[in-house]
Amino acid sequence: FDYKPQPVLELAIQNFEEATKLDNNLIQAHFNLAQSYWKMANRESDKDLGNELFKRSLQAWNTVTDLDPKNARAWFEQGKIFYLAKRYTDAKFALGKYRELRPVGTGNPLASWYLGNASYELRQCDSAQQHLKDAAAQIDSVRNKASLIMARCLFFAKDFPGSVVRFTEAKNANLLEPTDFWYY
């Protein structure tokens, strides 16, 4: 698993699975197993096999959260997988657990980005804005996209003056889509 320069993930997975068969309560073995599956899935070119590896990674992270509900990293990784799979309700739950353990302004700023986007996709704009503001304050590359999403939220909430301010920021970054111009 830690071999340099390139880990031997297939062997690592085999060893971690054997370790979990001997004692299913080994949190670190499940943790490393989840990471190994994630790394293998990301380098896999076969979509079906990649999806199966992501599913196994998710199952291993779930085991970690069951054994150690205060493991913030496991909640984050679980939420990230759900978010990338467009399972926004599950992502919001897992990332919400992460934010309970690592409040806004601490921890991984990507958690705020994923949580804000998942909340927006579920049309829960009040929650989305809080997390998008946090992500925009910490990650320069998402600042304009966060403004666009917050502008849409403000528009849907009928806060038109606030919406115009946010749409202007997004317009200056050339991010507006045709419907955004209409809202603007």
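One table, with the values for the structure above:
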{"read-out": "When residues of segment 133-146 are limited to those that are of a type outside the set (A, V, I, L, M) and in contact with a Leu (Cβ under 8 Å, 6 or more places away or on another chain), the one farthest from ARG99 (Cα to Cα)", "value": "ASN144"}
{"read-out": "Test: residue in segment 141-155 that is closer than 16 Å to ALA94 by Cα, in a helix (DSSP H, G or I) and of a type in the set (Phe, Trp, Tyr)", "value": "no"}
{"read-out": "Candidate set: segment 1-60, residues that are under 18 Å from ALA74 (Cα atoms) and of a type in the set (Val, Ile, Thr); chosen: the one farthest from the chain's Cα centre (by Cα)", "value": "THR20"}
{"read-out": "Exclusive hit being more than 29 Å from GLU17 (Cβ to Cβ) and under 15 Å from the mean Cα position of the chain (by Cα), set LYS86, LYS92", "value": "LYS92"}
{"read-out": "Per-region count, segment 84-95, residues modelled with pLDDT under 95 and touching a Leu at 6+ places or on another chain (Cβ under 7 Å)", "value": "0"}
{"read-out": "Any chance TYR183 is open to solvent by less than 80 Å² (accessible area, probe 1.4 Å), of a type in the set (Phe, Trp, Tyr), at pLDDT 90 or above and within 26 Å of ALA85 (Cα to Cα)", "value": "no"}
{"read-out": "Any hit, segment 136-152, residues being β-branched (Val, Ile, Thr), open to solvent by less than 90 Å² (accessible area, probe 1.4 Å) and within 14 Å of TYR120 (Cα to Cα)", "value": "yes"}
{"read-out": "Residues that are acidic (Asp, Glu) and crowded, with 16+ Cβ neighbours inside 10 Å, drawn from segment 70-104", "value": "GLU77, ASP90"}
{"read-out": "Helices (runs of 4 or more DSSP H) (entirely within segment 28-137) containing at least 3 residues that are within 19 Å of LEU9 (Cβ to Cβ) and either in contact with a His (Cβ under 9 Å, 6 or more places away or on another chain) or among the β-branched types (Val, Ile, Thr) (or both)", "value": "47-67"}
{"read-out": "Residues satisfying the stated conditions in segment 105-128, i.e. under 12 Å from the mean Cα position of the chain (by Cα), of a type in the set (A, V, I, L, M, F, W, C) and surrounded by 20 or more Cβ atoms within 10 Å (Cβ to Cβ)", "value": "ALA111, TRP113, LEU115, ALA118"}
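Listed here are the residues, each with its yes/no results for (1) free of Cβ contacts under 8 Å to residues at least 40 places away in the same chain; (2) open to solvent by 90 Å² or more (accessible area, probe 1.4 Å).
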| position | (1), (2) |
| --- | --- |
| PHE1 | yes, no |
| PRO5 | yes, yes |
| GLU10 | yes, yes |
| GLU18 | yes, yes |
| ASP23 | yes, no |
| LEU26 | yes, no |
| PHE31 | no, no |
| ALA41 | yes, no |
| ASP46 | yes, no |
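Here's the yes/no breakdown for (1) within 21 Å of LYS86 (Cα to Cα); (2) in contact with a Leu (Cβ under 8 Å, 6 or more places away or on another chain):
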position: SER119; (1), (2): yes, no
position: HIS131; (1), (2): yes, yes
position: MET150; (1), (2): yes, yes
position: LYS158; (1), (2): no, no
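The values are calculated or read from the model by the stated rules, or taken from the named source; none is laboratory data. All figures in this text were calculated on a predicted structure; none of them were measured in a lab. Virtual Cβ from ideal backbone geometry, glycine too; neighbours counted across all protein chains shown. Side chains are part of the model used for accessible areas, which takes the heavy atoms of the whole protein and leaves out ligands, DNA and RNA. Shrake-Rupley method; radii C 1.70, N 1.55, O 1.52, S 1.80 Å.
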